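A short write-up of the structure that comes next.
The values are calculated or read from the model by the stated rules, or taken from the named source; none is laboratory data. Model, not experiment: these values are computed from the prediction. Glycine gets a Cβ as well: all are built from the backbone with ideal geometry, and neighbour counts include every protein chain shown. Ligands, DNA and RNA are excluded from the accessible area calculation, which covers all protein heavy atoms including side chains. Shrake-Rupley method; radii C 1.70, N 1.55, O 1.52, S 1.80 Å.
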Amino acid sequence: MKKQRQQHIFTSRGAGFWIIFWIYIVATGIGVFTFLLTNPEWPMLWRLFCADFAATIFVWLGSAVFKNSSVYDPYWSVAPVILLTILAVYWHAVSLPALLMLTAIWVWGIRLTLNWAITFRCLSVQDWRYDKYKQEFPVIWQLVNFTGIHLMPTIIVFLAMIPAVYLLQYSFTANAWTFVAFFLCLFAAFLQLVSDTQMHRFRHECPGQVCNRGVWRFSRHPNYLGEILMWWGIFGILYSVGGSTYLWTATGAFVNTILFVFISIPLMEKRQLKNKPAYEMYRKQTGMLFPKFTQK
């Protein structure tokens, strides 16, 4: 009976959802508690990072207990929504730039989290990249799991959120460029929605083949392009109202871009080239992120 219950936990989609849901509820509470425990005289960004770090540790522990690093996957889209919303209430942020930023974050966060929910199968299945790392580094797997799969993305997303934190902390006045940056964020979320929807449909209709339909005809990674543009849009909202004073906050968007261009995309394409011979031709004909305007 005990083995059956354990098997049910790991093979049931519903059970997996509930477990991850409660892991994130507790992680949120730990993050808030950690923030309240930090010294109020510390710089706000350090207090926020301590809270983010504490929540990440708990999610990592959850992934270790249930032997599935994909427990962390929703953190990328859930953490910014929760953290920035709590901050907005904490600071009573009501400026138009702050509200536009929060709207963009919620649209992006809900869309990306729903995409994770659609693709989530159960706790016995995790991202193929995590299985690869676990096989390559069995002795130090939990160290790799914590630093590479949990902590590094947390740091990158935290850096990308810094412009949003300043938008909430101070009252700014919107201008035309603020709306341009805001619509860039909405476009980014829409691009991700369209690309992921088209990919899901293609995989169902043509399993094992190279998707070159819809937006995938023009970009090999339109979903990643949307993620990159999203955080440049968030920075753009702050830059439009704060100018060069906040130029340094583009660090997060820049590091996020580097992550996709030099780590995520090469890793994904190496796998595609290995499993799909036709991908080489597709790679030559299609731009990595942006369309190629001169194709043979």
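Just going by the charge dipole of segment 115-247, with Lys and Arg at +1 and Asp and Glu at -1 on Cβ, which of 154, 119, 241 is farthest out on the positive end? Selected residue: 119.
Under a 5 Å amide H cut-off, with hydrogens placed 1.01 Å from N, residue 287 pairs with 220, 292 among residues at least 5 apart or on other chains. Descending by average beta-carbon neighbour count within 10 Å, the peptides 137-145, 250-258, 50-58, 196-204 line up as 50-58, 250-258, 196-204, 137-145, the highest first. Each Lys and Arg Cβ is given +1 and each Asp and Glu Cβ -1; about its Cα centre, segment 229-296 then shows a dipole of about 460 debye.
Our compactness index for segment 33-117, the C-alpha radius of gyration over the empirical 2.2 N^0.38 Å, is 1.23. Projected onto its three principal axes, the C-alpha set of segment 176-296 covers 49, 27, 24 Å, listed from the longest axis down. Among 41, 205, the sequence by solvent-accessible area, most first, with a 1.4 Å probe is 41, 205.
Taking the Kirkwood radius as Rh and the Cα radius of gyration as Rg, the chain has a ratio of Rg/Rh equal to 0.98. Check every DSSP H run in the chain and write down those whose alpha carbon atoms cover 20 angstrom or more along the long axis and whose mean Kyte-Doolittle hydropathy is 1.6 or greater. What comes out of the filter, once short or polar helices are dropped, is 13-37, 75-91, 152-169.
Computed from the Kirkwood radius of its Cα pairs, the Stokes-Einstein diffusion coefficient for segment 57-185 at 4 °C and 1.567 mPa s stands at 79 µm²/s.
Given a 1.4 Å probe and every protein chain left where it sits, what share in percent of the accessible area of the chain is carbon and sulfur?
For the chain, the apolar C and S fraction of the accessible surface comes to 68 percent.
Ordering 266-279, 61-74 by mean Cβ neighbour count within 10 Å, with the highest value first, yields 61-74, 266-279. Computed with a 1.4 Å probe over protein heavy atoms only, the accessible surface of the chain comes to 53 Å² per residue.
Close amide H contacts of residue 68 (hydrogens built in the peptide plane, cut-off under 5 Å, sequence separation of 5 or more or a different chain): none are found.
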